[in-house]
Each structure stands twice: as C-alpha cells, then as structure tokens.
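Engineer: One structure, as structure tokens, below. Some questions next.
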Amino acid sequence: MVFREALLKKYSYSVIYKRLVDDLLKLEEGTLIDHRRVKFGLLLYAADNLEAHQLGGFSKCFSSNSICRFCHCQYENLDSHIHDFDGETAHKRWSISEYDSIVSSLEEEGISSIEYLDNNDGNETDDNDSDGDEDGGISDSENEDREDWGVKSKCPLNKLSSFHSVGSMPPDLMHDLLEGIVPEDLLSIIKALSARGWFAPIMRDCGNWVGNLMNHGTDLKVLSVVVRVHLSSKARLSVSGFI
C-alpha cells in the first residue's frame, strides 16, 4: 500500500488502513482453499522507528521522555542505563495488558479518536535524522504523562487477533544497528587498537605509498583515503576521500 504522507496527516492510519484491516479480519476467519478452510494472520509489521511509533500509537519524539516501544527506557537513561545487564534494575517491558489499559483510558477521555491530532497543523520530521519532532502543536515531549508512557492512540492493526503493536513490530535494523550499535562498537574497537599502536605501521606504509605516487608524478587518478581517529570523549571516525 502506497500513499502520500499528506493523506496520512489528513485522514490517519485508521481511515487509510480500514479496508486493509477489514480484509485481514476476513482472512483471519479463514477462506476455503480446495475444500479446506485456511486461516491467515499478520505476524509482523516491519518499519523504521518513526513509522512504527506512529502506527503503534507510541511517542514520536526520540529526544526526551519515553523513546522505546519495547520497554520503558527513558531518553535520560541512554548515557547511564541503556542496557538491562549493566547491574541496575532492568527496564520494565511493555505488556499488551498495560498498553490496552492506557488506550482504554485515552478512549474514555475522548482524545484518541483522532490519531494524528498533533500532526494536522504542521509538518513532521524523521526523528532518526533530527533531534526532535516539531509538529506545530504540542510536542510529544511536552504532552507526555509518565503513566501513559507517551502512548497517544490505539494502533488500528490491533483489531486483529494475530497482531499487537506490543511485540509485533521488530527493531529498525538500519537505524538501531547500522547507525547505532555498529558504529559505536566499531569506534570503540578502533580506539582500543589505536591506543595499542596497531595502526601505526599501517598508516606509515599508506603514507609512504601515497607519497611515492605523488613524487613520481603519475598521471593516473589517485584515490587517497585519509582516516582520522580522534581519541576524545566525543570521538568520531572521520573518513574523507579525494581524486
């Protein structure tokens, strides 16, 4: 299913996904195939973090308060208590009953019928590429009640018996791994090896090789890659190339 973001902001997931959900409900009841009733179910919904939180009804702000759809880890925990195995009390995991209870409270208050209530008056940006979520209205960070853990609305796919936004939305591999864990771990490894002098011979040989090419005045295009490792508390792996 492909649709413009402007339509999503105007009508919400519930309206756009209504026919899809209706069809999935019929498939869950089963359909006859070769005189046999075969039932289908929706097991997973793969999306990036922002879409998963939008569809699931979770907070869309990843720079304050509740930031996780798997547990109750808070933004302020990222520096000191991000893991469950660091010797401190493990973060409480989301449960279906807790999520449903929060959504029921929202419905009783009459504030979850419009799923994109805080998006209709402005443009949403991807929180994975920016520090915050500016909607033109009250932001998630300003409007969060800790008892609600940032939940704003009910996921329309939760009408299915085979699916629930708690547990049926896998991690975002690109942002969580390629832009999260992998760069951090790789940088830590490089810093440790560099501190032990493992890269010194390699960098010296590379420098000599590039210098010899330049001294011989070769007419070939030479690709020079310079790797700079800044060994500071806010170290970065900076890679630049020129032809």
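Coordinate-derived values only; no laboratory data. Note that the structure is a prediction, hence the values are computed from the model and not measured. Counting neighbours? That spans all protein chains shown, and the Cβs are built from the backbone with ideal geometry, glycine included.
Engineer: Taking amide hydrogens as modeled 1.01 Å from N in the peptide plane, which residues meet the under 5 Å criterion relative to C71, leaving out close sequence neighbours?
Structural biologist: W94
Engineer: When the Karplus curve 6.51 cos²θ - 1.76 cosθ + 1.60 is applied with θ = phi - 60°, which whole-Hz ³J(HN,Hα) does each residue of the stretch 20-34 get, with x for Gly and Pro?
Structural biologist: Each residue of the stretch 20-34 in turn: 4, 4, 4, 5, 5, 5, 5, 5, 5, 5, x, 9, 7, 10, 6 Hz.
Engineer: Turning to a different aspect of this structure: Specify, per residue and in Å³, the volume enclosed by the convex hull of the alpha carbon atoms belonging to the stretch 35-86.
Structural biologist: 116 Å³
Engineer: So how do H53, H35 line up by other beta-carbon neighbours within 10 Å, fewest first?
Structural biologist: H35, H53
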